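Presented below is the structure to which this report refers.
The values are calculated or read from the model by the stated rules, or taken from the named source; none is laboratory data. Only a predicted model underlies this, so the values are computations on that prediction, with no experimental measurement involved. Every residue, glycine as well, gets a Cβ built from its backbone with ideal geometry; the counts of neighbours run over all protein chains shown.
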Amino acid sequence: MDVESRLKTALDESRLLILGAQVLFGFQFEAVFQERFPQISVESQLIHNVGLVLLLISVSLLIAPSLFHQIIFRGESKVAAIDVATLLAGASLLPLTVGLGISAFVAFDHLFGRTIGVTIGTVLTVIGLALLYGLGFALRRNGKTPMQETSKATPLKTKIEQMLTEARVIIPGGQALLGFQLIATLTKAFNELPALFKYIHCAGLCAVALAVVLLMTPAAVHRLGFQGEDDSEFFKIGSRLVIAATIPLAIGISSDVAVVFFKTTGSTSVALSAGAIALVALLGFWLAYPIWHRMRSAQQIA
């Protein structure tokens, strides 16, 4: 399989993984607005925060390869881009499976008690790790011929297909979060929030809505503006839209991280700090690092 095909496959696999992560990620946000959430134990509420952080890490790891590919590699199909996608996808599975176990623990602890909650959470985590890591390593083939870097430029058609795939990798998290954000505004728990966090939530909702629209725009522009034809100008526009969409997406996610932490801790300072840390971490990992890496590489070539 050539480099272009392997990279496309790696992106499709990230898309598949993030579809599973988005459901759990949405649960972490929506759960705190449910009427019975205040009835769960303080320990479970704090553990819920841990699950939120873990799933945030998983989602950020799954989105990052798309941005690295567009920013660092300028949309070119490179062996290094495949290696990054493989490494980050593999790393995302650990926080994803532990986050699954924590979500199950919170639900079953409330329904059936601590013992059942711990048991179900642990079993699901172990099964997840066994299937996602254990099976893969057990079937791993050694002695494969290493991929050869090609000197020719990636065909424009391939670059456009990969860019559109990357938009599809990123958009599920935004779609799920946007739906939960809209539903949350109609709950009794939302009305009980202080005005500050209502405004933060609404700002985050608008930011995620903008991110989703930006991620849908390349498909619309390609079809309406370029009649589905491959065009280098469209690739530049689409790539910039995909990259730009991650800024409001990071703002929206961080806003609701702050809201969730406030609902579970009751502390404004803790909540705002958690949101700020999430925002800096996401923008740093998704944008600042790949931009710095690209600039450093350009200086080394010069």
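Evaluate the range 134-151: report whether one residue or more is in contact (Cβ under 8 Å) with a residue 24 or more places away in the chain, out of contact with any Cys (no Cβ under 9 Å at 6 or more places or on another chain) and in a helix (DSSP H, G or I). The answer is no, given that none of the residues of the range 134-151 is in contact (Cβ under 8 Å) with a residue 24 or more places away in the chain, out of contact with any Cys (no Cβ under 9 Å at 6 or more places or on another chain) and in a helix (DSSP H, G or I). Counting only residues that are more than 17 Å from Val259 (Cβ to Cβ), surrounded by fewer than 20 Cβ atoms within 10 Å (Cβ to Cβ) and of a type outside the set (Lys, Arg), the range 21-39 holds 2 of them.
In the range 20-34, the residues that are over 13 Å from Asn49 (Cβ atoms) and touching a residue at least 60 places away in the same chain (Cβ under 8 Å) reach residues that are basic (Lys, Arg) and crowded, with 20+ Cβ neighbours inside 10 Å with C-beta atoms within less than 9 angstrom, at least six apart or across chains, in these pairs: Phe33/Lys263. Only one of Gly252, Gly284, Gly228, Gly275 is part of a loop (DSSP other than H, G, I, E, B) and among the small types (Gly, Ala, Ser). Can you tell me which? Result: Gly228 is the single residue among Gly252, Gly284, Gly228, Gly275 that is part of a loop (DSSP other than H, G, I, E, B) and among the small types (Gly, Ala, Ser). The residues listed here are Val213, Val260; of these, the one that is without any contact (Cβ under 8 Å) to a residue 24 or more places away in the chain and under 22 Å from Ile171 (Cα atoms) is Val213.
Per this entry, Val53 is counted among residues that are within 17 Å of the chain's Cα centre (by Cα), at pLDDT 90 or above and either crowded, with 20+ Cβ neighbours inside 10 Å or part of a helix (DSSP H, G or I) (or both).
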